[in-house]
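Trainee: Got a structure for you, questions after.
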There are 2 protein chains.
Amino acid sequence: MAGVEGHIRIRQGDGRIVGTHSHPELTKNQSLVFGTLNRADGPLTAYAILDLLRDEGFRAPLQVYRALEKLLDFGLVHRLESLNAFVACSHPGCSQHHAVAFAICETCGNVLEFTPDAALKDLSKWAGDCGFSPAKTTIELRGTCRGCGQAATN
Amino acid sequence: MAGVEGHIRIRQGDGRIVGTHSHPELTKNQSLVFGTLNRADGPLTAYAILDLLRDEGFRAPLQVYRALEKLLDFGLVHRLESLNAFVACSHPGCSQHHAVAFAICETCGNVLEFTPDAALKDLSKWAGDCGFSPAKTTIELRGTCRGCGQAATN
DNA sequence: ATACAAGATGTAACTATGTAACACTGATGG
DNA sequence: CCATCAGTGTTACATAGTTACATCTTGTAT
């Protein structure tokens, strides 16, 4: 894979080291996008990521979308379908959890990621009964988190 | 509400009857959009609806989005977040089922609507434990339906 | 070494999806 | 009569995502 030496360092074409990360196989652009999502305290749209990376030389949305596609493949990033936005996975080593759920607070914008095992099992059962083979499962709750709900009733 | 007489007939501003439907409170544009979704054999995007209604005088996306917003409120239509598309509710009198799930076949485009009670209960339990108040729940399975799966292995 | 294949990147143009702002109409209720 | 409100029509705009094409880098086979 291009731009990677050993497990950690990322180099540009001229050999200059431009960044490090804990995941061994990220290219420069993937690393920049992943870093941006990790630093963010909530979901970001692709265009928001683009704006945050202008200083790093990003110019076109495709640079973001291509990196996001790989990061989604790796399981490092999730897409929130109801927001057209992306978040870094909050599980330590998330590659396993290909099915996950999100609770999105519409007041403060924070997102909670969780794994609703019983719900996923029920959906799998339904799928099996119907002969449907799910490739990806999207579960998103839009609503109000505890903090915002309390603030509203005070 | 404008454009409605009694329970059934829909009139334009000049009093001319332009359509009928089984839901008593739809305006002309709402009725046209709902009819289009009902006739379709799968989900439609807002712009696809717009194109199908050009002959009826539709000119701008807002005419579609405004109708869809009301139809979503009434529970007559669902939005598929992972497709940015809309479907007529397939339940007889759907207003009750504010939480529903979809299985979307990525091969043939067909959508199955179902109500996964156990999954919804599990998600409600999780929300209760976390103090999260869900306003809307999105559950969408992307994958392959029975027919398309069988066709692929033949 | 050299040549080739595959993956990654850069850029411009374009399509698709969704909203803001403003004007106008017709019904309803004082 | 007049105010109000939901619905409608229209223009322009904002946001989200893709196609097409060229270049570069790296790994691999010869």
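Trainee: Yes or no: the stretch A:119-132 includes at least one residue that is within 14 Å of chain B (Cβ to nearest Cβ) and closer than 27 Å to A:N29 by Cβ. Give the steps one after another, and end with the answer.
Mentor: Step one: list which residues in the stretch A:119-132 are within 14 Å of chain B (Cβ to nearest Cβ), which gives A:119-132.
Narrowing the set further to residues that are closer than 27 Å to A:N29 by Cβ leaves none.
No, the stretch A:119-132 has no match at all.
Trainee: Let me ask something else about it. Regarding the stretch B:55-76, can at least one residue be identified that is in contact with a Cys (Cβ under 8 Å, 6 or more places away or on another chain) and either surrounded by 18 or more Cβ atoms within 10 Å (Cβ to Cβ) or in the same structural domain as B:E25 (by TED's automatic domain parsing) (or both)? Please lay out each step first, then the result.
Mentor: Pass one, the stretch B:55-76, residues in contact with a Cys (Cβ under 8 Å, 6 or more places away or on another chain): B:75-76.
Retained after the next criterion (residues that are either surrounded by 18 or more Cβ atoms within 10 Å (Cβ to Cβ) or in the same structural domain as B:E25 (by TED's automatic domain parsing) (or both)): B:75-76.
Within the stretch B:55-76, one or more residues are in contact with a Cys (Cβ under 8 Å, 6 or more places away or on another chain) and either surrounded by 18 or more Cβ atoms within 10 Å (Cβ to Cβ) or in the same structural domain as B:E25 (by TED's automatic domain parsing) (or both).
Trainee: If you scan the stretch A:49-85, which residues turn out to be within 13 Å of DNA strand D (Cβ to nearest atom), of a type in the set (A, V, I, L, M, F, W, C) and free of Cβ contacts under 8 Å to residues at least 24 places away in the same chain?
Mentor: Of everything in the stretch A:49-85, those that are within 13 Å of DNA strand D (Cβ to nearest atom), of a type in the set (A, V, I, L, M, F, W, C) and free of Cβ contacts under 8 Å to residues at least 24 places away in the same chain turn out to be A:L50, A:L52, A:A60, A:L62, A:L72.
Trainee: Going by the structure shown, is B:A135 touching a Gly at 6+ places or on another chain (Cβ under 7 Å) and at the interface with chain A (Cβ under 7 Å from one of its Cβ atoms)?
Mentor: yes
Trainee: If a residue has to be touching a residue at least 40 places away in the same chain (Cβ under 8 Å) and within 7 Å of chain A (Cβ to nearest Cβ) to count, how many in the stretch B:140-154 make the cut?
Mentor: Total meeting the criteria: 5.
Trainee: Exactly one of these conditions fails for A:V111: (1) over 28 Å from B:C108 (Cβ atoms); (2) within 14 Å of another protein chain (Cβ to nearest Cβ); (3) within 14 Å of DNA strand D (Cβ to nearest atom). Give me its number.
Mentor: The number of the failed condition is (3).
Trainee: Quick check on my filter: what residues within the stretch B:44-65 are more than 10 Å from DNA strand C (Cβ to nearest atom) and either over 24 Å from B:G109 (Cβ atoms) or not hydrophobic (A, V, I, L, M, F, W, C) (or both)?
Mentor: B:R54, B:D55, B:E56, B:G57, B:R59
The values are calculated or read from the model by the stated rules, or taken from the named source; none is laboratory data. The shown structure was predicted, so the numbers you read here are calculated from the model rather than taken from an experiment. With ideal geometry, Cβ positions are generated from the backbone for all residues, glycine too; neighbour counts draw on all protein chains shown.
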